[in-house]
Structure formats: structure tokens, C-alpha cells
Amino acid sequence: MSAPGTRNSKPGTDKVRKLVPALLTWFSANARDLPWRRTRDPYAIWVSEIMLQQTQVKTVIPYWERWLRELPTIESVVKSSPAKLHKLWEGMGYYTRVRNLQKAAQQIIATGRRRVDESQTEIGNRQPATGNKSEPPHVGCYEFPRDFDDILALPGIGRYTAGAIASIAFDQPQPVLDGNVIRVLTRVFGITTDPREKKTNARLWLLAGELVDHASRITHHTAPCSHLNQSLMELGALICAPRLPQCEACPVNKLCVARKKNWQEQIPNLGKRETTTERRFVAFVVERDGEFLVRQRPAGVVNAQLWEFPNVEVGARVGNPQHFAASEAGLKVIGRKPFCTIKHSITRYRITLEAWRAQSGGVSSNYSKPAGRWFAPKQLHRRAFTAAHRRILHAAVGTE
């Protein structure tokens with residue numbers, strides 16, 4: 001960092017007073033038309049916030065719309081099988097989210113209270129930021145909790161998600177702090193220390209709280225807390241980008257310390273990036289009488305309960321990985337090269353997955369009958385696969 005220094009002066013209330021109306025005005029004119037912004041239904045907003053964890057908005061939209069069509073109420077989530085939930089979630093990754101979502105729905109019904117009628121007071125008073133017509137509410141017989149601590153107590157919900165739901169669904173003055181908001185606040189207030197450090201993180205939460213608290217005092221605005229928090233997220237997503245931020249289009253550029261001192265590329269100060277690790281896997285597509293061998297990942301591991309083809313991790317420097325992997329899996333490789341190679345990333349891992357056609361009866365007698373189940377193509381397509389193995393499925397047997 002060129003010359004930001006180490007001391008960060010505490011912002012005055014004057015700056016907060018200037019920021020809030022500027023952000024609200026900008027958001028009312030520039031907010032994207034996202035489907036979950038057309039409702040104040042806490043169930044629908046909750047689902048969107050869980051989906052948006054680790055997943056881009058453009059990816060989430062079709063998943064959210066399909067989810068609400070298939071599972072319009074909290075009760076419908078509870079009654080669904082894990083297989084159906086995983087299939088609806090297939091392709092978004094981080095499947096712990098959907099399992100926690102069902103656990104949370106179960107907790108809401110177990111500890112919550114029934115509605116007197118089939119409507120929610122908040123749903124009838126919707127004010128979409130974009131001015132578009134509201135969609136029909138997704139209501140059930142149980143109320144989503146309104147109290148922040150009750151929301152926070154649900155599985156899969158942390159401080160940020162609880163604050164987002166409480167502010168967006170109920171217009172409560174609860175702060176939010178995700179990657180986009182961190183970037184906006186560190187730049188605007190010139191915070192040069194690592195936002196992941198305890199002291200800096202606490203300061204950012206305090207700033208976010210001051211902003212939404214000030215917004216709550218604006219009586220002429222329909223949903224000031226909701227729109228203030230969303231404006232911070234939106235500004236970080238659309239304008240205050242990690243690289244090459246559009247400072248000229250920013251509604252608060254005159255108040256931004258980073259812009260004044262040309263620190264945009266140095267803030268937020270996230271330190272050194274974690275070193276990436278290369279990993280290599282070999283997968284096998286085994287066919288018998290028109291059926292294919294697959295296995296379900298066990299509970300307690302990454303992508304638990306999803307389906308995949310038999311596979312083995314091999315060292316990056318293994319000369320003939322297919323033969324090594326075949327001996328480990330008890331399968332005989334067919335052909336001289338993989339029919340499909342997939343490269344993808346999971347957190348800090350850079351993964352290469354080679355898919356080979358094979359048949360049972362490999363060199364290892366211990367694996368003469370590979371574990372798994374045999375399914376016809378139509379049955380395979382009805383099951384939820386990990387993203388990489390779904391691509392192998394499409395390459396091996398085609399799409400539905």
C-alpha cells in the first residue's frame with residue numbers, strides 16, 4: 001500500500017447523515033429488478049439470502065424462481081425428501097446450505113406459532129424498489145420469526161444473513177456486512193487494516209449499524225432500513241467493484257476517502273491470497289446392459305448425499321494415472337485416453353478430473369464388485385449429481 005498509514009480516524013455523524021440519503025436516492029433510481037425484491041415475504045427473502053451465499057445473482061434467479069414454484073411454503077420444505085431438495089439445488093454447490101435450510105424450516109415449525117389466518121401483515125405492504133408489480137405471496141400456516149435473535153438461531157444463518165432478512169423483510173434497523181458492503185465501507189471511510197481482523201471487523205459492524213440506525217429515523221421513506229442495506233450491497237456489486245471501480249458513477253464519491261487518496265486498488269486490504277493447490281482425480285464410467293454404475297457420497301463429507309461416478313484421487317505426477325486409479329477401484333480401463341476432462345475450482349483447490357470408460361474386473365481382487373448402484377440414463381437424470389460429475393453424465397449418456 002503506497003501511503004495510507006495505519007491510523008484510521010473515527011467517522012463523524014455528519015458523514016453518516018450525508019451518506020444515508022445519497023445511498024437511498026441512488027438505490028431508488030438504480031436498483032436491479034430482482035424477483036425477491038418484489039416481495040416482503042420473509043420466507044421468499046430467506047430462501048434468496050441462503051442461495052446468494054457464495055453464488056452470483058444471475059445464477060440464483062432461475063433457481064429461486066423454480067424453488068418458490070415447487071416449494072411455496074415453509075411446510076413444503078419440511079415435507080420434501082432430501083433427494084428433491086438436492087435436485088432443486090443441483091448446480092449451485094455448497095449443499096450444506098440446502099440441508100440447513102430444511103433443518104431451519106423444521107425448527108420454525110417445531111418452535112414457531114401458527115398464523116391466525118393465512119396472511120402476513122408485512123406481505124400486504126410491499127414496496128418494491130424498482131416500482132414493478134408485486135408477485136403473489138408465498139404464505140403458509142407458520143410465521144417466519146421476526147425477532148433478530150430467533151432468526152439468528154436458525155441453522156445456516158449467521159449475523160449477516162439474519163440482519164439481511166430482518167431488515168429486508170421487516171425493515172428493522174439491523175446492520176449487514178458481506179463482501180460488497182465491506183468493500184464500500186472500507187473505501188468510503190479509508191479503513192486500511194485487514195477487515196478480517198477482529199478489531200477492524202468490529203469497527204465495520206459498528207459503521208454498518210450507524211448507517212442503518214440513521215436510516216431508520218427517515219420517516220418519509222417507505223422502507224429505509226431495507227433499502228439502505230440493499231443500497232450498500234448493490235453499490236458494491238455494480239459500482240464499487242473489486243477491480244476498476246466506476247468511481248465517476250458512484251453517488252457518494254465526494255465522501256470517499258479511497259477515491260480522494262487514490263487507494264481504490266489497495267482497499268480493502270485483504271492481505272496475501274491463499275496459495276492454490278492442484279488436485280487430480282480419475283473417474284470411471286462403467287456400463288452394463290444399458291445401466292451405469294454410480295455411488296452416493298456419504299454424510300459428513302463435501303457434497304454429501306449427491307451422486308457421482310466411481311473415482312479416485314491420484315497424485316499430480318503419476319505417470320499413468322488411469323492405470324493406478326483402476327487398480328485402486330478394481331476396474332479395467334477402456335481406451336487410450338479420457339473421453340472427457342473437466343477443470344474446476346473449489347475454494348483454494350484447482351481440480352482436474354479425467355473421465356475414462358471402464359468395465360468391472362480390474363486387477364485388484366478386493367474390488368471385484370465396485371460399490372455403487374446401477375441406473376438407466378433416465379434414472380440418473382432424476383438424481384442430483386455434483387457439478388463436475390453432472391458434466392461427465394452429459395458427456396457419457398447425453399442430456400434428458
Handout entry: Most positive-pole-ward Cα, 372, 193, 31, against dipole of the chain from beta carbon charges
Key = 193
Handout entry: Listed residue pairs exceeding 28 Å between alpha carbons, taken from 199/261; 15/261; 58/343; 199/343; 343/378; 58/261
Key = 199/343; 58/261
Problem - Fully extended contour minus Cα-Cα distance, from residue 146 to residue 111, at 0.36 nm per residue - result: 11.3 nm
Problem - Linear extension gain, residue 197 paired with residue 248, 0.36 nm per residue minus alpha-carbon span - result: 15.3 nm
Problem - Calculated FRET efficiency for the pair residue 278/residue 375, C-beta based, R₀ 30 Å, to 0.05 - result: 0.40
Handout entry: DSSP-loop trypsin sites (Lys or Arg not before Pro) across the stretch 198-235, with at most 13 other Cβ within 10 angstrom
Key = 217
Completion exercise
Stretched fully, the stretch from residue 323 through residue 222 gains (0.36 nm per residue minus C-alpha distance, one decimal, in nm) 29.8 nm
Practice task
Pick out, in residue order, every one of the GluC sites (Glu not before Pro) in the stretch 272-308 that is DSSP loop and has at most 16 other C-beta atoms within 10 Å; say none if there are none.
Solution key: 274
Practice task
Check the straight Cα-Cα distances from residue 18 and name the lysines below 16 Å, setting aside those fewer than 8 residues away within the same chain.
Solution key: 10, 254
Exercise for the section: Tell me what the chain gives for mean residue ellipticity at 222 nm when only DSSP H runs of n ≥ 4 count, each as -39,500 (n - 2.57), the sum divided by the residue total, rounded to 500 deg cm²/dmol. Expected result: -12500 deg cm²/dmol
Exercise for the section: For every other residue with a beta carbon closer than 11 angstrom to the beta carbon of residue 245, add +1 if it is Lys or Arg and -1 if Asp or Glu, then tell me the sum. Expected result: +2
Practice task
Evaluate E = 1/(1 + (r/R0)^6) for residue 391 and residue 262, where r is the Cβ-Cβ distance and R0 equals 35 Å; express this FRET efficiency to the nearest 0.05.
Solution key: 0.20
Completion exercise
Taking a ≥ b ≥ c as the square roots of the eigenvalues of the Cα gyration tensor, with a/c under 1.5 meaning rounded and otherwise prolate when a/b exceeds b/c and oblate if not, the stretch 277-397 is rounded
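Values in this text are rule-based calculations from the coordinates and carry no lab data. All figures in this text were calculated on a predicted structure; none of them were measured in a lab. So basically every Cβ, Gly included, is an ideal-geometry build from the backbone, and we count neighbours across all protein chains shown.
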